[in-house]
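Take a look at the structure set out below.
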Amino acid sequence: MRPEQVQALQPVADALVKLGYDGAPEEVWDAVLRMVWIPELVTDMLAFAALSADQRHTAQPMLQRPLPEGFTVASLIADYAFNGAGAFLMGAALVSHTAETLEMLRIIRENGRGIRTPDGAYAHIRVPAGMPAGAPAPPAGEDIVLPATNEDESEAPVAVAAAHRAAFCGRCGTPVAPGTRFCGKCGAPVG
């Protein structure tokens with residue numbers, strides 16, 4: 001890329017990193033190039049990344065843009081536990097490669113996915129049972145049990161309040177568990 005192109009796209013790269021994209025520089029630029037094909041989502045992502053952590057925890061219009069098959073960025077964060085960057089990238093993929101992305105989300109819905117928890121461990125989470133693609137989150141205050149399993153099944157299931165399922169660190173975008181006071185990745189105060 002020419003220097004003026006890099007300069008023009010730098011805010012998109014910065015927003016992805018701020019929202020939790022954790023990859024090598026060349027991977028960040030690959031993600032930027034995937035995002036710029038969907039300018040409306042780039043606009044939404046830049047606006048979301050500019051919000052404070054407190055503002056991100058409230059419903060924001062930039063997370064409600066309709067995506068194929070009834071998805072929104074908000075539903076990808078809440079239902080699939082993607083961080084902000086992952087949800088926007090998945091939203092872009094839904095628009096640009098709908099069939100392939102729907103298949104990927106179907107597999108995640110059926111089998112769950114692994115995430116890194118704030119304490120550095122890994123947890124296996126599942127889309128809540130009976131939750132169709134793009135369905136709204138359960139009412140605030142209703143708990144969802146996300147099984148946090150490992151090889152020997154010694155970890156107990158994790159109950160996550162629906163109102164806090166999409167809690168992320170405002171500094172680095174790492175998912176944080178309800179009641180967590182400090183981000184396990186960057187140490188910033190949360191919640």
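The values are calculated or read from the model by the stated rules, or taken from the named source; none is laboratory data. All values reported here derive from a predicted model rather than from experimental measurement. Counting neighbours? That spans all protein chains shown, and the Cβs are built from the backbone with ideal geometry, glycine included.
The condition (being of a type outside the set (A, V, I, L, M, F, W, C) and either at pLDDT 90 or above or more than 14 Å from the chain's Cα centre (by Cα) (or both)) is satisfied by just one residue among 56, 65: 65. In the condition set (1) under 26 Å from residue 120 (Cα atoms); (2) at pLDDT below 95, residue 88 is compliant with all but (2). Among the residues that make up region 22-35, is at least one of them surrounded by 12 or more Cβ atoms within 10 Å (Cβ to Cβ), closer than 20 Å to residue 105 by Cβ, modelled with pLDDT of 90 or more and of a type outside the set (A, V, I, L, M, F, W, C)? The answer is yes; a qualifying residue exists.
The set of residues from region 26-52 being hydroxyl-bearing (Ser, Thr, Tyr) and farther than 15 Å from residue 91 by Cβ comprises just one member, 52.
For region 36-51, the tally of residues that are surrounded by 12 or more Cβ atoms within 10 Å (Cβ to Cβ) and assigned to a helix (DSSP H, G or I) stands at 10. Within region 91-126, the only residue that satisfies the criterion of being modelled with pLDDT under 90, among the hydrophobic types (A, V, I, L, M, F, W, C) and under 17 Å from residue 21 (Cα atoms) is 115. Residues in region 15-52 that are acidic (Asp, Glu) and either under 16 Å from the mean Cα position of the chain (by Cα) or within 14 Å of residue 73 (Cα to Cα) (or both): 3 in all. Taken as a whole, region 70-84 holds at least one residue that is at pLDDT below 90, touching a Gly at 6+ places or on another chain (Cβ under 9 Å), surrounded by 14 or more Cβ atoms within 10 Å (Cβ to Cβ) and among the β-branched types (Val, Ile, Thr).
Look at region 99-111: where a residue is more than 17 Å from residue 73 (Cα to Cα) and a partner is in a helix (DSSP H, G or I), sitting 6+ places away or on another chain with Cβ atoms under 8 Å, you get 100/93.
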